[in-house]
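Single-structure report; data block below.
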Amino acid sequence: MKSVSFANFFHLSLNQGVNVLVAVVITPLLYQTLGEGQFGLVGLGLTVVMFLSVLVNYGFHLNGPKRLALTLGDTDKQQELVNEIIVTKLMLSVVLSLLILIAIYGFNFFPDYSSILSLSLVILLGEALFPMFILQGLDKLSLVSVANAISKLFYLIAVVIVVKEGSDAKWVNFLFGVSSVIVNFGLLVFVYRKWGLRFYWVNAAKVFIRIKENFQFFLSTIGGHLSVHGGYIILSNFVSEVELGRYNLAQRVAFLLRMIPVFLTQSILQSASRLYHENESDFNEYLSKAYKSGLALTFAVGLGFAITSSYIIRILGGEYVDYSANVLRLLCFIPFFGMLNVANMIKILVAERKEILAKATWVTAIFMLVIAMLGSYYYGGYGLAVALLLSEVLSFAVHYYLLKKYCVLSNDGNK
């Protein structure tokens, strides 16, 4: 099982490596072509849609892989679970898109970037079609790397062909979404055929059952994404479009780095789930080794990026931007502080302690929103960067406290 998890982490890291390579090419292109203001608005539109994608996923990425992993060998149960989740996500993506379009064109919301945001909504459909939870549950994450590479290549080529000036900003996220829809749909079809699954449209009653069942995971996910993405939306209300664009340049790097703890969680969750139900001692040993390795890795990455931040910003921006480099020096340590909470998250997920996750996530989210507003108001992007670091530390403390309180971390092994 350990080798499987290492393979998963390798493929997820390879997947992120593709994202980094594409970012190195496409970020300076967009930054120079669109200008700081439009670049910032593109980032704002993407941030809003990525937050909406949380509603599309509805927490299925947290417990879907585990449940699928525990049904290995039973094709009928796998097929039922997969179809119910996919249909639910598709319905949520359509409803959310319609609501946002009504808000934009019916009530004149988001006036500064309405065209960017409306065209960005295609990303939600791509998210609904993405079979990540299936591939996690089946331990086939190598397919994610392949699909991601193809999708990013399509996106890169499309941007080079289409985006020529600042007025083309509205097409950037749209092209990203179209690429993901095409590739994710193809990957989903491949998965169904490869594992002998049959797609069928489930009835509304099943969808409502899934929505009710995952409500607490959904709340937890919203709180988590508020902590990650909410700050940028808050910052947009307190700084100019130029400063927003410069912050976005640093945030793009930090967001890629922030995925390291997420990848580690995804890579070990299936093996950890099985060990938790089979042998508690092996589970604790396995989790301890993965946790310590993750802390060492993320600290080394943060230190390396802090030292080289000036060069990184020069490469990504096509020029040196002192503000962006300074913000990156702060944000690059978010993966390390985020890694502190991985062991807590694994123990919550394998035990399906949804109530703990919901409470801890929302305490952290509320704290982050408050200090993000204060930090952004008084210190702009620097204040927001510090707020994000503090929220990661608080998240670890709150999750740990609640786990101890509910005996999930008890020394006597009580679950």
If we keep only residues of the range 96-123 that are among the aromatic types (Phe, Trp, Tyr) and assigned to a helix (DSSP H, G or I), then the residue nearest to Leu52 (Cα to Cα) is Tyr113
Specify the residue that is nearest to His225 (Cα to Cα); the eligible residues are those in the range 335-370 that are charged (D, E, K, R) and out of contact with any Ser or Thr (no Cβ under 8 Å at 6 or more places or on another chain).
Lys359
For the range 154-192 the number of residues that are in contact (Cβ under 8 Å) with a residue 40 or more places away in the chain, exposed (fewer than 15 other Cβ atoms within 10 Å of the Cβ) and hydrophobic (A, V, I, L, M, F, W, C) is 2
Against the condition over 18 Å from Phe255 (Cα atoms) and either surrounded by 19 or more Cβ atoms within 10 Å (Cβ to Cβ) or touching a His at 6+ places or on another chain (Cβ under 7 Å) (or both), how does Phe367 come out, does it pass?
no
Members of the range 169-205 found to be aromatic (Phe, Trp, Tyr) and more than 30 Å from Gly45 (Cβ to Cβ), listed by number
Phe190, Tyr192, Trp195, Phe199, Tyr200, Trp201
Residue pairs within 7 Å by beta carbon, gap of at least six or interchain, first lying in the range 361-385 and touching a residue at least 12 places away in the same chain (Cβ under 8 Å), second charged (D, E, K, R) and part of a helix (DSSP H, G or I), listed first then second, are Gly380/Glu243; Gly381/Glu243
Only one of (1) under 30 Å from Asp282 (Cα atoms); (2) of a type in the set (Gly, Ala, Ser); (3) surrounded by 20 or more Cβ atoms within 10 Å (Cβ to Cβ) does not apply to Ala351, and that is (3)
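Every residue, every condition in (1) touching a Gly at 6+ places or on another chain (Cβ under 9 Å); (2) assigned to a helix (DSSP H, G or I); (3) not β-branched (Val, Ile, Thr), yes or no:
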| position | (1), (2), (3) |
| --- | --- |
| Lys140 | no, no, yes |
| Val144 | no, yes, no |
| Ser151 | yes, yes, yes |
| Phe154 | no, yes, yes |
| Val159 | no, yes, no |
| Trp171 | no, yes, yes |
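Each reported figure results from applying straightforward, stated rules to the coordinates on display, with no laboratory input. Computed from a prediction, not measured in an experiment: that's the story for all the values here. Counting neighbours? That spans all protein chains shown, and the Cβs are built from the backbone with ideal geometry, glycine included.
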